[in-house]
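The values are calculated or read from the model by the stated rules, or taken from the named source; none is laboratory data. Because the structure is a prediction, the values reported are computed rather than measured. FYI the Cβ positions are ideal-geometry reconstructions off the backbone, even for glycines, and counts take in every protein chain you see. Calculation scope for accessible area: heavy atoms of the full protein, side chains included, ligands and nucleic acids excluded. Shrake-Rupley method; radii C 1.70, N 1.55, O 1.52, S 1.80 Å.
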Amino acid sequence: MALIVKKFGGSSVASTEKIMNVAKRVLADKKPEDKIVVVVSAMGDTTDDLISLAEGIDEHPYKAMYSREMDMLLTTGEQVSIALLAMAFQKLGQPAISMTGAMIGMRASSVHTKGRILGVEPKRVHEELNKGNIVVVAGFQGIDKFGDPVTLGRGGSDTSAVAIAGALKADTCEIFTDVDGIYTADPRIVKNSHKMKEITYYEMLEMARLGAGVMQPRSVEMGKFYNIPIHVRSTFTNTNGTIIREDYTMEDRPFEIRGVTHDEKVAKIAVLGVPNQPGIAHTIFSALAGANIDVDMIVQSIRNIEKNITDMVFTIASSDLPEAKKVIDEVVVKLNAVSAVFEEDVAKVSIVGAGMLGSPGIAARMFGALAKANVNIDIISTSEISVSCLIKGSQIKDAVNAIHEEFFPN
Ligand code: ADP
Ligand code: ASP
Ligand code: MG
């Protein structure tokens with residue numbers, strides 16, 4: 001007997017026909033004694049469509065004042081797909097029951113639209129599995145201490161699936177999606193990117209954090225926490241995908257760079273002409289933290305030594321821009337800064353790989369590839385296993401391809 005958690009993303013359940021195919025595929029792979037939990041996302045572009053609906057009320061629905069109602073709205077998407085998939089199983093003669101995040105005891109922090117999973121109490125899931133049901137769970141949603149629905153950030157169904165797999169002590173967690181594994185770059189952008197057999201949690205977390213949208217970063221952290229291998233594979237074919245695990249099983253690990261990632265959903269903010277004195281960075285970034293806005297690349301530069309003023313430049317997720325504008329406009333007044341500039345036509349391109357630790361010259365090769373492609377670098381940031389460059393948004397495709405060609409020539 002195996003206990004298996006399978007997650008199907010939005011494109012895998014985009015129509016009732018596809019939902020029926022998901023049910024058939026799960027049953028075709030199921031051994032009679034297997035216990036199966038299926039986690040699903042909202043159908044196709046439903047989440048985006050729901051956001052567009054909210055934009056009919058206010059063009060910026062991601063403001064803090066609406067966040068609870070946004071969660072009430074967005075959680076409906078997954079509720080549609082769980083009901084339909086459970087019905088599809090029943091139609092095929094397989095007992096099944098659908099359950100929301102609340103019903104499976106998916107507890108989340110009370111930060112609407114950006115909730116973090118605090119724990120899962122899967123007693124009811126076990127009971128339903130023991131009755132012979134396939135349990136179909138709504139991804140992307142939890143419940144906070146007030147009993148209100150909370151969503152887990154875009155792509156959050158991945159994290160729901162891995163958290164449930166961990167809490168149930170499942171034998172495997174499979175993430176079914178519209179690509180057949182993790183590639184060295186987004187295969188939609190780089191035509192000759194290569195599929196990986198395996199990748200470590202450490203490197204995958206960095207790739208996900210830097211924009212590889214195939215997995216939500218929190219889901220990889222969760223996999224590491226529970227030490228549960230995650231198999232990312234295709235809904236539409238039967239080939240082996242990529243296993244995300246603690247370490248490589250191969251003897252030979254020739255990788256310096258594991259992948260090239262990009263993120264177009266970033267915005268740049270420059271707070272210009274702030275006094276160069278202690279406490280300035282604290283004032284700016286604690287105001288943003290107070291609004292639950294994560295800050296990424298940060299550069300402080302001296303603009304005018306005589307006047308002793310400086311510029312503070314940083315990036316955030318573009319979905320946070322409307323709220324950040326409000327916060328920063330207040331900070332400009334408070335600090336008596338000259339002005340603030342907000343820019344959306346920016347994107348981040350990164351290289352990721354634990355191998356770069358012992359290999360000097362990797363960053364220089366990345367900058368060289370960008371120079372050859374005539375791409376100007378605005379901000380550079382590094383971590384132990386990555387180098388990122390902020391560039392003009394319109395050049396992102398060329399940049400990713402140029403860097404991929406440098407590190408993965410065909
Ligand atoms: P789902 O709806 O199944 O959750 P997503 O759209 O969230 O699917 O994730 C799958 C997509 O992730 C792929 O279609 C691909 O374009 C994108 N992607 C980005 N980077 C990578 C990568 N390095 N490897 C594979 N896919 C990637
Ligand atoms: N439906 C949600 C989203 O579009 C969650 C997910 O797909 O993982 O972000
Ligand atoms: Mg996804």
key: the chain, Rg to Rh (Cα coordinates; Rh as Kirkwood inverse mean 1/r)   = 1.00
query = Distance in nm between label sites at Asn336 and Asp398, each 7 Å beyond Cα in the beta-carbon direction?
reply = 4.4
request  = Return the percentage of antiparallel bridges among DSSP beta bridges fully within the chain, rounded to the nearest 5 %.
outcome  = 65
remark   = Placing each pseudo-label 7 Å from Cα in the direction of the beta carbon, Leu27 and Met250 end up separated by a distance in nanometres of 3.9
ask   = Who wins for biggest fluctuation among Ala108, Ala363, Ala267 in a Gaussian network model of the chain, springs between alpha carbons below 10 Å?
value = Ala363
ask   = What accessible area per residue comes out for segment 320-410, rounded to a whole number of Å², with a 1.4 Å probe?
value = 48
Cα lying deepest toward the dipole's positive end in the chain, options Thr159, Ala54, Ala185, charges on Cβ = Thr159
Whole-percent carbon and sulfur share, accessible surface of the chain, 1.4 Å = 52
task = Compute the normalised compactness of segment 268-314: alpha-carbon radius of gyration over 2.2 N^0.38 Å, N being the residue count.
result = 1.15
message = Leaving out ligands and nucleic acids, and using a 1.4 Å probe, what accessible area per residue does segment 161-271 come to in Å²?
response = 43
request  = Can you sort Asp294, Asp329 by 1.4 Å-probe accessible area, starting with the largest?
outcome  = Asp294, Asp329
query = Ignoring ligands, DNA and RNA, what accessible area per residue does segment 109-148 give at 1.4 Å, in Å²?
reply = 47
remark   = Rg/Rh of segment 309-410 (Cα atoms, Kirkwood Rh), to two decimals, equals 1.07
